[in-house]
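Trainee: I'd like to ask you about the structure that follows.
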Amino acid sequence: MDLKQIYKLYSNSYLADTDTRNIRKGSIYFALKGEHFNGNKFAKEALQLGAAYAVIDEEKYQNEPNIILVKDVLTTLQKLANYHRLQLNLPIISLTGSNGKTTTKELINAILSKKYKTTATKGNLNNHIGVPLTLLSMTPKTEIGIVEMGANHLKEIEFLCKIAEPNFGYITNFGKAHLEGFGSVEGVIKGKSELFDFLRETNGTVFVNLNDETQIKKSAGIKSITFNSNEIEFMDANPFVKVKFKDLVIKSNLIGKYNYSNIAAAIAIGHYFKISEAAIKEAIEAYVPTNNRSQIIQKKSLKIILDAYNANPSSMVAALENFSLLKDKTKVVFLGDMFELGKNSEAEHQKIAELATTLNFDKVYLIGKAFSTTNVKNAFKYVNFEDFITSNEKLDFKNSTLLIKGSRGMALERILDLF
């Protein structure tokens, strides 16, 4: 069966599933494979659970009339997503960057949905599987698509752009993330800029923060919509970010000055798409972060800033410096290891440990194999989370503000259960 025939079947429902635990009635199940799983084995089960068709790439599992055999399921999924994108012929905004992608994407979606029927990446499903699934979640009713793109090595954004073919793009920033795959900050800049390169070649449009010299440089020769801190003014972040736009004061539910540029970008994009100032303000003020992203949680007398979804050296520095500026009396820091830093891991963890112990916090806890080997004083260090919770150190804090930050694999939100 060729791609157009599969697309005709898909267009009966505009539903594509890859997990038999979440099969939707009438969908097409794509039997993806990984190191530890083989989706082909579950094709028959997917049909029994309500899928209309199942796409496989191992002939021995073609034992039902509605099972479609292709050469490679993943490639078929990606090609189908691109074909669908071209049939829809709608504006697609893609964004990438080292930090703030998901928050910025969610803010953009909140603003644009005030006027348009939007479809955006769910969570951070932003890779070679997530991007196709995002595109396939769009329907003929979708008016604007918003696609987040993640990458940990060169050529990945370039590949995702060929699938999504965006008309608009924004890069949140260029920081020390995924250094193991990119090799260096220069590699990060080159990799993230592949979005701008695609838009330059296809006569697309980019949104550029004029307060970021790298964005200015990398967007040369592309049609640009710009914004800066004069047009969208930063007012305060103690702890929530407050900005001023067109004489309107907008009070967000996002903590930390580092979220200012995410808010500013969303405002600029909303303004470009003719969302009213009042609607922009309403959307931002209604947005509340979830999923361990810069959440503020109140537990008894404790105010806890939970930012345990992800971490890299750039976001760690921003979080610590912002935390140091808060006017709270007693401040305690819990930091977990940063992953995917490769050969830079030891030096980057040392820098963060030194910063954390020189910012006059009341206590600093460093958790993880990399942090445990750092050479700093005035910090409690633990090889892993189990070592931390079985230690004799009493976590008896009252009327304090806590910052919890680490890479997703550290799952530092477990600290909440200790109070």
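Trainee: Could you tell me whether any residue of region 223-234 is in contact (Cβ under 8 Å) with a residue 60 or more places away in the chain and surrounded by fewer than 21 Cβ atoms within 10 Å (Cβ to Cβ)?
Mentor: no
Trainee: Let me ask another. Residue check, TYR29 against (1) surrounded by 15 or more Cβ atoms within 10 Å (Cβ to Cβ); (2) in contact with an Asp or Glu (Cβ under 8 Å, 6 or more places away or on another chain); (3) assigned to a helix (DSSP H, G or I), all met but one. Which one?
Mentor: In the conditions (1) surrounded by 15 or more Cβ atoms within 10 Å (Cβ to Cβ); (2) in contact with an Asp or Glu (Cβ under 8 Å, 6 or more places away or on another chain); (3) assigned to a helix (DSSP H, G or I), TYR29 misses (3) alone.
Trainee: Let me ask something else. Do we have GLY50 as at pLDDT 95 or above, of a type outside the set (Asp, Glu), touching a Lys or Arg at 6+ places or on another chain (Cβ under 7 Å) and crowded, with 22+ Cβ neighbours inside 10 Å here?
Mentor: no
Trainee: A follow-up question, please. How about region 372-405: which of its residues are open to solvent by 60 Å² or more (accessible area, probe 1.4 Å), farther than 19 Å from ALA308 by Cα and charged (D, E, K, R)?
Mentor: Across region 372-405, the qualifying residues are LYS377, LYS394, ASP396, LYS398.
Trainee: Oh, and also: Name the residues in region 281-325 that are closer than 21 Å to ASN124 by Cβ, open to solvent by less than 10 Å² (accessible area, probe 1.4 Å) and β-branched (Val, Ile, Thr), would you?
Mentor: ILE284, ILE305
Trainee: Please indicate, with yes or no, whether at least one residue in region 176-183 is under 27 Å from TYR116 (Cα atoms) and either in contact with a Phe, Trp or Tyr (Cβ under 9 Å, 6 or more places away or on another chain) or basic (Lys, Arg) (or both).
Mentor: Looking for residues that are under 27 Å from TYR116 (Cα atoms) and either in contact with a Phe, Trp or Tyr (Cβ under 9 Å, 6 or more places away or on another chain) or basic (Lys, Arg) (or both), one finds none in region 176-183, hence no.
Trainee: Here is a follow-up. Testing LYS343 on (1) among the basic types (Lys, Arg); (2) out of contact with any Asp or Glu (no Cβ under 9 Å at 6 or more places or on another chain); (3) more than 29 Å from VAL243 (Cβ to Cβ), one condition comes back false. Which one is that?
Mentor: Going through (1) among the basic types (Lys, Arg); (2) out of contact with any Asp or Glu (no Cβ under 9 Å at 6 or more places or on another chain); (3) more than 29 Å from VAL243 (Cβ to Cβ) one by one, LYS343 breaks only (2).
Trainee: If I filter region 16-26 down to residues being without any contact (Cβ under 8 Å) to a residue 60 or more places away in the chain and touching a helix residue (DSSP H, G or I) at 6+ places or on another chain (Cβ under 8 Å), which single residue comes out as least open to solvent (accessible area, probe 1.4 Å)?
Mentor: Out of the qualifying residues, it is ASP17.
Trainee: Would you be able to say whether some residue in region 157-165 is more than 30 Å from GLU186 (Cα to Cα), modelled with pLDDT of 95 or more and touching a Pro at 6+ places or on another chain (Cβ under 9 Å)?
Mentor: no
Trainee: Now, a different point. Looking at TYR10 and the list (1) of a type in the set (Ser, Thr, Tyr); (2) out of contact with any strand residue (DSSP E or B) (no Cβ under 9 Å at 6 or more places or on another chain); (3) open to solvent by less than 20 Å² (accessible area, probe 1.4 Å), which single condition is not satisfied?
Mentor: (2)
Trainee: Further question on the same structure: Among the helices (runs of 4 or more DSSP H) lying completely within region 74-190, list those that include at least 2 residues that are open to solvent by less than 10 Å² (accessible area, probe 1.4 Å), of a type in the set (A, V, I, L, M, F, W, C) and in contact (Cβ under 8 Å) with a residue 40 or more places away in the chain.
Mentor: By residue number, 101-112, 130-136, 156-164.
The values are calculated or read from the model by the stated rules, or taken from the named source; none is laboratory data. In this text the structure is predicted, and so the values were computed from the model without any measurement. Cβ atoms come from the backbone with ideal geometry, glycine included; neighbour counts cover every protein chain shown. Heads up: the accessible areas ignore ligands, DNA and RNA and are worked out on the full protein's heavy atoms, side chains in. Shrake-Rupley method; radii C 1.70, N 1.55, O 1.52, S 1.80 Å.
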